[in-house]
1. Kindly indicate which of 376, 431, 400 is of a type in the set (Gly, Ala, Ser), open to solvent by 10 Å² or more (accessible area, probe 1.4 Å) and farther than 21 Å from residue 525 by Cβ.
2. Kindly indicate the residue of the stretch 192-208 that is more than 17 Å from residue 321 (Cβ to Cβ) and part of a helix (DSSP H, G or I) and also least open to solvent (accessible area, probe 1.4 Å) among those meeting that condition.
3. Scanning for something assigned to a helix (DSSP H, G or I) and small (Gly, Ala, Ser), does the stretch 404-415 turn up at least one residue?
4. Sort through 231, 242, 251, 189 and tell me the only one that's on the phi < 0 side of the Ramachandran plot and open to solvent by 60 Å² or more (accessible area, probe 1.4 Å).
5. Could you go through the stretch 147-158 and let me know if any residue there is in a helix (DSSP H, G or I), under 20 Å from the mean Cα position of the chain (by Cα), surrounded by fewer than 18 Cβ atoms within 10 Å (Cβ to Cβ) and among the hydrophobic types (A, V, I, L, M, F, W, C).
6. Would you confirm, using the coordinates I've provided, whether residue 466 is surrounded by 20 or more Cβ atoms within 10 Å (Cβ to Cβ) and assigned to a loop (DSSP other than H, G, I, E, B)?
7. Can we say residue 426 is at pLDDT 90 or above, closer than 20 Å to residue 369 by Cα and buried (at least 20 other Cβ atoms within 10 Å of the Cβ)?
8. Examine the stretch 247-264 for a residue that is touching a helix residue (DSSP H, G or I) at 6+ places or on another chain (Cβ under 6 Å), farther than 21 Å from residue 315 by Cα and touching a residue at least 40 places away in the same chain (Cβ under 8 Å), and state whether such a residue exists.
Amino acid sequence: MDVRGGPRPLLARRPGRGPDPLRARRGGRAPRRRVDHAGVGRRASAAQPARGARLVAPPSRAGAHRRVVGAGGRRGRRAVRRAHRRGAPGPGRVRLAARPRPRAPGRPSRGPSGGLVSSPGSQRFDLRGRSLRVVAARGTLVNSVFLVALAALGLLRGVILARFLEPDDYGIWGVLIISLGTLLWLKQVGIGDKYIQQDDPDQQLAFQKAFTLELAFTALFTLVLAGAIPVIAVTFAPSEIVLPGYVLLCVMPALVLQAPLWIYYRRLEFLKQRLLQAVDPLVSFVVAIALAIAGAGYWALVLAVVAGGWASAIVSVRSCPYPLRLRYDRGTLRSYASFSIPLLLASGSAIVIAQGTITATTAHLGIAAAGVVTLAASISQFADRVDQIVSGTLYPAICAVADRTEVLQEVFTKANRIALLWAAPFGLGLAVFAGDLVHFVLGQDRWGDAIPVLEAFGVAAAVNHLGFNWDSILRARDDTRPMAVAAGLTLVAFLVVTLPLILLEGLEGLAVGFLVQTVVVVLARFWFLRRIFPAFRTLAHCVRAFAPALVATAVTLGLRLLDGASARGLVTIAELATFVAATAVATVALERDLVREARGYLRRD
């Protein structure tokens, strides 16, 4: 009987049939269960039954899971009995308490909505008993040593090659690097970043799919470069760069074969990753020096790049823990496309801005003005060094905790503050001492026009580092569209503000326009970051991050006002020492906890 006095159609016995298979074998009628429309089963209460609920008896089969029956009529009764005989749920039947199956080792667990629940210690990394923070801090140290050694090796190579190569050789090489290097920005579509971000249960299959896409995109891009080389040759040097340009394209397959480095990067095995990466610059160094001494000219530089790339590819393939196979499916392509297309648009925007700045400056102000812009950009780029080390090290760890918003906010704020400990003093120091740098080092006669540009680029480099590591957060969350939006807004600012100012005011207009572009991109970053981190306090973060550099700048400018316009010389050295000392003291006083925490991670076992 139904709880309201009506018949029970699902459990009623029909004439000529045997006992109902849903009746319990022991004790007569089994305990009734109430089922509401939401599909949740619980014991019925005769006093307060649920409206529209039916009473059913649980199946009597030993060890069977409890199920809920929600179908009625003759068709429903037959489906129920067939399903019961098969041991599978029939129409309208929902499992209430399925037995949990043990999860295979290395398989990521999933949350209620099917999203992956990261467990960095066991799923992604072998931490060997250490915390993820300690491993990331040690990785920062390894990456710092590698990048410093790489910069020193590059400087030594440049000094040695300058004694054996002619200026014309460097000119041809410079045209190749600037032209092809700018186009290579388009190749950075984040396939490796997407592989590091994913959390597929079968990592071998995930790597092979990413490798296949990288190979396909590189092949397509190589064809584009092959068609672009004759155009570049007609524009710059018809007979000199065609052959070396095509020889440089031989390194493109080697770049694909270096994909196994992603695996060690994802696992936070920074030492092994960097040892494999060191093969390229070491082989390039030896080959370039040997060929330059032999009188090969610019071919020493070209063949050194090819030799280094292929040497690194060979050791990467030999050390790859997975076999290299071509695996493709449309779902993976869609996933990587949604991740990479915004990055491609952002790279295209950067190319338009860079090429547009150089083209407009050269056409309107001359080649010397373009040299001023190149110099200022080259010096200001040193502000990015610490952020490249910190953000590059933390990215795999950020991917492991991408589903934990509070941890992401902590990582973002602390990493950004650490990067600003270097970027803010460097940028503001460049702005303060730009005139002294030109007067005493570069030469006032040749580079006097560079002072306002250096000042603007210095301030912009410092301000641009506010939230500079936001791209790591977006990549880890598999949401790269805000990067394309911010790049598009920056491009609009360049076309509307910077480009007209270059034509109207020259280099001073370029300086103002560049500052406007920087403000636009920083505001766009923080607007998107507030959507990710609602509790993030933008103003407090900016003030706290810039406080040490602002204190040092105020002290230095105060001393300069007291000193007046007297002759510089030793006074400049004293001011520089004061700036460095004031920055160090203010950093220790205002960021003591952050510095102590970072040092503590390096000391822990």
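1. On the way: 376 fails: open to solvent by 10 Å² or more (accessible area, probe 1.4 Å); 400 fails: open to solvent by 10 Å² or more (accessible area, probe 1.4 Å).
Answer to the selection: 431.
2. Step one: list which residues in the stretch 192-208 are more than 17 Å from residue 321 (Cβ to Cβ), which gives 193-194, 197, 199.
So of that shortlist, the ones also part of a helix (DSSP H, G or I) come out as 193-194, 197.
Values: 193: 41, 194: 11, 197: 29 Å².
My answer is 194.
3. Yes - at least one qualifying residue is present in the stretch 404-415.
4. Numbers: 242 fails: open to solvent by 60 Å² or more (accessible area, probe 1.4 Å); 251 fails: open to solvent by 60 Å² or more (accessible area, probe 1.4 Å); 189 fails: open to solvent by 60 Å² or more (accessible area, probe 1.4 Å).
None of the others qualify; the one that does is 231.
5. Looking for residues that are in a helix (DSSP H, G or I), under 20 Å from the mean Cα position of the chain (by Cα), surrounded by fewer than 18 Cβ atoms within 10 Å (Cβ to Cβ) and among the hydrophobic types (A, V, I, L, M, F, W, C), one finds at least one in the stretch 147-158, hence yes.
6. On the way: surrounded by 20 or more Cβ atoms within 10 Å (Cβ to Cβ): yes; assigned to a loop (DSSP other than H, G, I, E, B): yes.
Yes, satisfied.
7. On the way: at pLDDT 90 or above: yes; closer than 20 Å to residue 369 by Cα: no; buried (at least 20 other Cβ atoms within 10 Å of the Cβ): yes.
So residue 426 fails the test.
8. The answer is yes; a qualifying residue exists.
The values are calculated or read from the model by the stated rules, or taken from the named source; none is laboratory data. All of these numbers come straight from a predicted model, not from anything done at the bench. Neighbour counts are summed over all protein chains in view; Cβ atoms, including those assigned to glycine, are modelled from backbone coordinates with ideal geometry. For the accessible areas, the whole protein counts, side chains as well, though only heavy atoms, and no ligand, DNA or RNA atoms are used. Shrake-Rupley method; radii C 1.70, N 1.55, O 1.52, S 1.80 Å.
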